[in-house]
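So that we are looking at the same thing, I have put the structure below in structure tokens.
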Amino acid sequence: MLALPRPALLLLKLLLLHIPWAMRAQVNPAVCRYPLGMSGGHIPDDDISASSQWSESTAAKYGRLDSEDGDGAWCPEVPVEPNDLKEFLQIDLRALHFITLVGTQGRHAGGHGNEFAPMYKINYSRDGTRWISWRNRHGKQVLDGNTNPYDIVLKDLEPPVIARFVRFIPVTDHSMNVCLRVELYGCVWLDGLVSYNAPAGQQLVLPGGTIIYLNDSVYDGAFGYSMTEGLGQLTDGVSGLDDFTQTHEYHVWPGYDYVGWHNESTTGGYVEITFEFDRIRNFTAMKVHCNNMFAKGVKIFKEVQCYFRSDASEWAPSALSSVLVLDDVNPSARFVTVPLLHRMASAIKCQYYFADAWMMFSEITFQSDAAMYNNSVAPPVVSVVPTTYDPTLKVDDSNTRILIGCLVAIIFILVTIIIIILWRQFWQKMLEKASRRMLDDEMTVSLSLPSESSMFNHNRSSSSSEQESSSTYDRIFPLGPDYQEPSRLIRKLPEFMPEEEEEMGCSSPVKPSQAGVPEGVPHYAEADIMNLQGVTGSNTYSVPALTMDLLSGKDVVIEEFPRKLLTFKEKLGEGQFGEVHLCEVEGMEKFMGKDFALEDLDASSNHPLLVAVKMLRADANKNARNDFLKEIKIMSRLKDPNIIRLLAVCIADDPLCMITEYMENGDLNQFLSRQQTGSPHTSHEPTISYSNLRFMATQIASGMKYLSSLNFVHRDLATRNCLVGKQYTIKIADFGMSRNLYSGDYYRIQGRAVLPIRWMSWESILLGKFTTASDVWAFGVTLWETFTLCREQPYSQMSDEQVIENTGEFFRDQGRQTYLPQPALCPDSVYKLMLSCWRRDTKDRPSFHDIHHLLQGSASEE
Ligand SMILES: *[C@@H]1O[C@H](CO)[C@@H](O)[C@H](O)[C@H]1NC(C)=O
Ligand SMILES: *[C@@H]1O[C@H](CO)[C@@H](O)[C@H](O)[C@H]1NC(C)=O
Ligand SMILES: *[C@@H]1O[C@H](CO)[C@@H](O)[C@H](O)[C@H]1NC(C)=O
């Protein structure tokens, strides 16, 4: 009965669908700054305790920042003495959190109170038994607190804390009455890592005599010959710089960011690190941020062997071993991703083998299957739902009370209808806001990076202190929309967006959303986004509503296929509502549409045909089913030699299936990775020629030309989404996001969309605009991948945050943006084409028609 408006549904899907692929990148301290629920009430009273209380009305539960309940704050029984720190206010967060910021406030109580804590310390614990005193990067424990009873004082925790329990310990320099209200800011610690044990880091003496200290200076466990039972620099969210002798500005001595070891200091040629987790997890990957200054004898590891253990049992005998390709060309520090192949464990022991004299790590993060713990961690659901439901529940409640008095059934029905209308309006508003938020969030990501502050400088200078307060607000609560007061948000948006458009060089202040978008292609947020990959993940093709109508005019017959003829071969990927399988099938011809040219397929030969089968789980909800059917409708109309075809469907009974082509050589990324480069280091002849590469690129351009002619926006063009057949034929598909293999290519904005940021144009990242022109940008990156033979990820030397930062540089266009370098195999003309795909103004980028023409032309030249 409650049909939500369509855009709302689509948006909900955007928010919810992506949860299972919580292939989260490493935690970003600049983004992870959500209020954790003292002020918002998300933390229940029972989880707040204290050493003592002065009275019932100053109990621990009243220690909530910005709340005036009770007598206005938590106050301990007796005054706090300078040398006797026994009073504390304790918060149990019920799960490990990454805490980056704390806020304190005294007791004001409408002018009656005048108590506050001038200083305080923080103690924290992960298990509730071992307590650790927080220290800043210079070893100082005491934080400056309040100077009056009403102002909120916020302090960044540098380094951040990973804990479940946190204690605020008031500190004074003379005996005084103290009261406290507090808040913690951060996010759920999805890694689940509780401690790591590693050999102590060492010192490197440079030829000039400079000593580089590679110890783990913020390790919070026991220190000795080795480090045990703690967390430290490898989990502080700060990646080291390319040059290990340089440090981020707040750091104290050279080498601060890295923990490093010398090969002579260990036996066996490896460094062994043991990681303990909060519970048994299903691991997908480990990402290790390594230095690679090979000129100074530092390299990433050449091999890693990992052992797994569940609970207290023995280490499982079967180790997982990964051999890495060393890089003697690029000295940048980088994240190395090691797939952990869904091994289940509560502890992992890895041996990292030296490739050179030194090995230096600055971060190690783990990705484990989020679907395993969807209750405890799913930030968007947990946090979006309360804010949207709470108010409505209250409306409902009060009305019910009135109704009990009235006892009139008709009125009851009328009121119910009114509630429904209000509820719908409320939802619509919330979702509208949420959609702008998503957009806004992406802005805030970049805004919250220090060097990005100049991006909207004019904003700040153009208005008064009002603006300044809202920018402070941004800094404290970036990406914390779920707890944000809507009024602040509304205030912020109007001044943000139009200015934004101006900056983009839009000529007249017409409809803001139209700027820079080609005719007829609506803005992302307005487009009726057709979620073609709804079942398994990516929202791949977006289809303007207009085009949909045109398309739905024709009738296309897709044959029903008897599913028993499918032979399962392997699982390609999966998502919340379905899976993609690689299957073999015989006798496909009989079931395909009559206009289908068989030569297109491999079926002409004797061996069975390979197909990809996308399946909707039987328990999928109605929306997922509708999307699946819609996807079939759209797919059935795409007919191009360079686009994967829908062959047949099984929709007569559950589970619903669609059968698409698959190509014998798998995806282009893997295909190219298997090729020999023929570089000077190897004696091999290259196995793939320049003309083959160009031929493949031309086909991708041709397929995209077809899609763009239909106004289809692919949104995830990359080599992982192109399939390779015989003789280097290419077809564009859309499996990318549903495959674990490529999880590292997607960046998860805390609790929100999962995005292939390294392929995305600046306007897609910053403004959420996906157009044919942003597909052109992605094509440029795909072209680059092709000519590097997929040897590395685009911008592999940059962290996800740096990629987003670089996006800001593309936006500003002041010559500070970093472009992907010219690949060795790539002639100048093709590199020039790539660069033109990455032009700032969408209208300056070539069309797929031009690109195709150009690539074809360069073919005939040679
Ligand atoms: C790490 O090295 C620095 C520089 O010598 C030293 O000041 C610091 O105390 C060391 N940290 C630990 C935890 O050993
Ligand atoms: C781990 O997760 C993957 C993907 O969700 C699943 O296929 C696999 O069965 C899980 N492993 C175990 C042991 O549950
Ligand atoms: C350490 O690395 C250096 C440089 O690669 C190498 O010459 C030396 O043999 C290595 N030592 C050990 C013990 O492996």
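Quick one: Leu206 ticks every box in (1) out of contact with any strand residue (DSSP E or B) (no Cβ under 6 Å at 6 or more places or on another chain); (2) within 16 Å of ligand 2 (Cβ to nearest atom) except a single one, so which number is it?
Single failed check for Leu206: (2).
Any chance segment 165-181 includes a residue that's out of contact with any helix residue (DSSP H, G or I) (no Cβ under 7 Å at 6 or more places or on another chain) and within 16 Å of ligand 1 (Cβ to nearest atom)?
no
Grab the strands (runs of 3 or more DSSP E) fully contained in segment 212-301, keeping just those with 2 or more residues being among the basic types (Lys, Arg) and closer than 30 Å to Asn123 by Cα. Before you say what the answer is, go through the steps one by one.
Working: elements: 226-230, 259-262, 270-290.
By residue number, 270-290.
Within 16 Å of ligand 2 (Cβ to nearest atom) and crowded, with 20+ Cβ neighbours inside 10 Å, is that true of Phe301?
Considered against the rule, which asks whether it is within 16 Å of ligand 2 (Cβ to nearest atom) and crowded, with 20+ Cβ neighbours inside 10 Å, Phe301 comes out as no.
Something else about it: Quickly run through segment 197-211 and pick out the residues that are assigned to a strand (DSSP E or B) and either closer than 13 Å to Gly260 by Cα or near ligand 1 (Cβ under 10 Å from one of its atoms) (or both). Step through it out loud before you land on a result.
Within segment 197-211, the first condition is being assigned to a strand (DSSP E or B), and the residues that meet it are 197-199, 203-205, 211.
Correct list: Ala198, Pro199, Gln203, Leu204, Val205, Ile211.
Shifting gears a bit: Pull up segment 672-694, narrow it to residues that are under 34 Å from the mean Cα position of the chain (by Cα) and surrounded by fewer than 21 Cβ atoms within 10 Å (Cβ to Cβ), then point me to the one that is modelled with the lowest pLDDT. Working first, answer last.
Step one: list which residues in segment 672-694 are under 34 Å from the mean Cα position of the chain (by Cα), which gives 672-677, 693-694.
Add one more test, that the residue is surrounded by fewer than 21 Cβ atoms within 10 Å (Cβ to Cβ), and what stays is 673-677.
Details: Ser673: 86, Arg674: 84, Gln675: 81, Gln676: 66, Thr677: 57.
Only one residue fits best here, namely Thr677.
Check segment 321-333 and report whether any residue there is surrounded by 20 or more Cβ atoms within 10 Å (Cβ to Cβ) and away from ligand 2 (no atom under 16 Å from the Cβ).
Just the residues of segment 321-333 that are surrounded by 20 or more Cβ atoms within 10 Å (Cβ to Cβ), to begin with: 333.
Pick out the ones that are also away from ligand 2 (no atom under 16 Å from the Cβ) and you get 333.
Yes, there is a match, as at least one residue in segment 321-333 is surrounded by 20 or more Cβ atoms within 10 Å (Cβ to Cβ) and away from ligand 2 (no atom under 16 Å from the Cβ).
Among the strands (runs of 3 or more DSSP E) confined wholly to segment 38-126, which include 3 or more residues that are of a type in the set (Lys, Arg)? Spell out how you get there, then give the answer.
Details: elements: 48-50, 89-105, 119-125.
So the answer is none; nothing clears 3.
Would you call Lys287 under 23 Å from Val31 (Cβ atoms) and not hydrophobic (A, V, I, L, M, F, W, C)? Quick ask: steps written out before the conclusion?
Working: under 23 Å from Val31 (Cβ atoms): yes; not hydrophobic (A, V, I, L, M, F, W, C): yes.
Yes, satisfied.
Take Ala357 and decide whether it is in contact (Cβ under 8 Å) with a residue 60 or more places away in the chain, surrounded by 17 or more Cβ atoms within 10 Å (Cβ to Cβ), away from ligand 1 (no atom under 16 Å from the Cβ) and of a type in the set (Gly, Ala, Ser).
Numbers: in contact (Cβ under 8 Å) with a residue 60 or more places away in the chain: yes; surrounded by 17 or more Cβ atoms within 10 Å (Cβ to Cβ): no; away from ligand 1 (no atom under 16 Å from the Cβ): yes; of a type in the set (Gly, Ala, Ser): yes.
Spelling it out, it is not the case that Ala357 is in contact (Cβ under 8 Å) with a residue 60 or more places away in the chain, surrounded by 17 or more Cβ atoms within 10 Å (Cβ to Cβ), away from ligand 1 (no atom under 16 Å from the Cβ) and of a type in the set (Gly, Ala, Ser).
Right, another one. Answer yes if at least one residue in segment 829-845 is among the small types (Gly, Ala, Ser), buried (at least 23 other Cβ atoms within 10 Å of the Cβ), in contact (Cβ under 8 Å) with a residue 24 or more places away in the chain and assigned to a helix (DSSP H, G or I), and no otherwise. Show your work before the answer.
Step one: of segment 829-845, the residues among the small types (Gly, Ala, Ser) are 829, 836.
Subset that is buried (at least 23 other Cβ atoms within 10 Å of the Cβ): none.
No, segment 829-845 contains no residue that is among the small types (Gly, Ala, Ser), buried (at least 23 other Cβ atoms within 10 Å of the Cβ), in contact (Cβ under 8 Å) with a residue 24 or more places away in the chain and assigned to a helix (DSSP H, G or I).
Can you tell me which residues in segment 770-799 are charged (D, E, K, R) and surrounded by fewer than 23 Cβ atoms within 10 Å (Cβ to Cβ)? Don't jump to the end; show me each part of the working.
The initial filter retains those residues of segment 770-799 that are charged (D, E, K, R), namely 775, 785, 791-792.
Hits for segment 770-799 are Arg791, Glu792.
Residue-by-condition table, conditions (1) surrounded by fewer than 17 Cβ atoms within 10 Å (Cβ to Cβ); (2) within 16 Å of ligand 3 (Cβ to nearest atom); (3) closer than 19 Å to Ala198 by Cβ:
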| site | (1), (2), (3) |
| --- | --- |
| Trp253 | yes, no, no |
| Gly268 | yes, yes, yes |
| Phe275 | no, no, yes |
| Arg279 | yes, no, no |
| Met286 | no, no, yes |
| Phe294 | no, yes, no |
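Given the residues Ser346, Ser332, which is the only one that is touching a residue at least 40 places away in the same chain (Cβ under 8 Å), assigned to a loop (DSSP other than H, G, I, E, B) and within 26 Å of the chain's Cα centre (by Cα)?
None of the other options fit; the residue is Ser332.
Still on this model: Is one or more of the residues making up segment 229-252 touching a residue at least 60 places away in the same chain (Cβ under 8 Å), among the β-branched types (Val, Ile, Thr), within 15 Å of ligand 1 (Cβ to nearest atom) and out of contact with any strand residue (DSSP E or B) (no Cβ under 8 Å at 6 or more places or on another chain)?
yes
The values are calculated or read from the model by the stated rules, or taken from the named source; none is laboratory data. None of these values were measured; they are calculated from a predicted model. FYI the Cβ positions are ideal-geometry reconstructions off the backbone, even for glycines, and counts take in every protein chain you see.
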